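The values are calculated or read from the model by the stated rules, or taken from the named source; none is laboratory data. All values derive from a computational prediction rather than experimental measurement. Don't worry about glycine lacking a Cβ; one is built from the backbone with ideal geometry, like all the others, and counts go over all protein chains shown. In case anyone asks, the SASA skips ligands and DNA or RNA and just uses the protein heavy atoms, side chains included. Shrake-Rupley method; radii C 1.70, N 1.55, O 1.52, S 1.80 Å.
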Amino acid sequence: MAAKWDDMAVVGRIARPHGLRGHVVVNLETDFPEERFRPGAELFVERRGVVEPLTLASVRFQNQRPVIEIAGIATIDEAERLAGLELRVPADRLASLPQGTFYRHDLVGCLVETRDGARVGVVREVEGTLAGSRLVVAASHGDVLIPLASEICTTIDVAAKRIVIEPPEGLLDLNR
């Protein structure tokens, strides 16, 4: 199977090596770390334009972050070459979510507009942690950062690729 990078969901990013035997620490970008990071799991990275599968040989959690051993990576030098790479999975391997929830990658490409129909821009990225995320919206004058909070993002329609916001006074002016 030739996996297509843009059709995959980010589940983490390799932060740095851990120890001398090729293990790495992962910064999580998933609500399901125990499901995603377990021995035998297959994750994907992209290096030099090539999508490569990685198999997790062992996993342990330290300070809520996975420390993983990847099959075939045995030295700190090999682990250092992985630092900064995104770990992704094919979208069809994602768990179904409850009504009213969504994956970050589902928000990328959504048109953001205010309740009165004024176009803000298109979601380019979702930043932050699971506890506090924000939309990075590409607007005509540059990026606009919008907190991903229900009181601001009042309507999120992933199927229609549309997000309606009620920004607090001055929020949209912060990035001008």
Counting just the residues of segment 42-73 that are over 18 Å from residue 5 (Cβ atoms) and not in a strand (DSSP E or B), which one comes out nearest to the chain's Cα centre (by Cα)?
64
Here are 20, 82: which of them is surrounded by fewer than 17 Cβ atoms within 10 Å (Cβ to Cβ), farther than 24 Å from residue 133 by Cβ and of a type in the set (A, V, I, L, M, F, W, C)?
20
Number of positions in segment 3-22 that are over 15 Å from residue 93 (Cα atoms) and not in a strand (DSSP E or B):
4
Within segment 23-41, tally of residues that are assigned to a loop (DSSP other than H, G, I, E, B), open to solvent by less than 50 Å² (accessible area, probe 1.4 Å) and either among the charged types (D, E, K, R) or modelled with pLDDT under 85 (or both):
1
If residue 41 meets every condition in (1) touching a strand residue (DSSP E or B) at 6+ places or on another chain (Cβ under 9 Å); (2) small (Gly, Ala, Ser); (3) over 19 Å from residue 10 (Cβ atoms) apart from one, which number is that one?
(3)
Is at least one residue of segment 142-165 of a type in the set (Lys, Arg), open to solvent by 30 Å² or more (accessible area, probe 1.4 Å), part of a strand (DSSP E or B) and at pLDDT 85 or above?
yes
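Every residue, every condition in (1) touching a Leu at 6+ places or on another chain (Cβ under 7 Å); (2) among the aliphatic types (A, V, I, L, M); (3) within 29 Å of residue 17 (Cα to Cα); (4) free of Cβ contacts under 8 Å to residues at least 40 places away in the same chain, yes or no:
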{"residue": "77", "(1), (2), (3), (4)": "no, no, yes, yes"}
{"residue": "87", "(1), (2), (3), (4)": "yes, yes, yes, no"}
{"residue": "117", "(1), (2), (3), (4)": "no, no, no, yes"}
{"residue": "161", "(1), (2), (3), (4)": "yes, no, no, no"}
Among the residues listed as 132, 109, the single one being within 15 Å of the chain's Cα centre (by Cα) and over 20 Å from residue 27 (Cα atoms):
109
If you take the residues in segment 85-97 that are part of a loop (DSSP other than H, G, I, E, B) and surrounded by 15 or more Cβ atoms within 10 Å (Cβ to Cβ), which one is modelled with the lowest pLDDT?
94
Within segment 112-140, how many residues turn out to be open to solvent by 60 Å² or more (accessible area, probe 1.4 Å) and of a type in the set (Val, Ile, Thr)?
1
Is segment 126-142 home to any residue that is closer than 16 Å to residue 9 by Cβ and in contact with a Ser or Thr (Cβ under 6 Å, 6 or more places away or on another chain)?
yes
Of 109, 170, which residue is open to solvent by less than 50 Å² (accessible area, probe 1.4 Å), in a loop (DSSP other than H, G, I, E, B) and either free of Cβ contacts under 8 Å to residues at least 24 places away in the same chain or touching a Leu at 6+ places or on another chain (Cβ under 6 Å) (or both)?
170
Checking residue 52 against (1) open to solvent by 60 Å² or more (accessible area, probe 1.4 Å); (2) more than 30 Å from residue 154 (Cα to Cα); (3) without any contact (Cβ under 8 Å) to a residue 24 or more places away in the chain, which test does it fail?
(1)
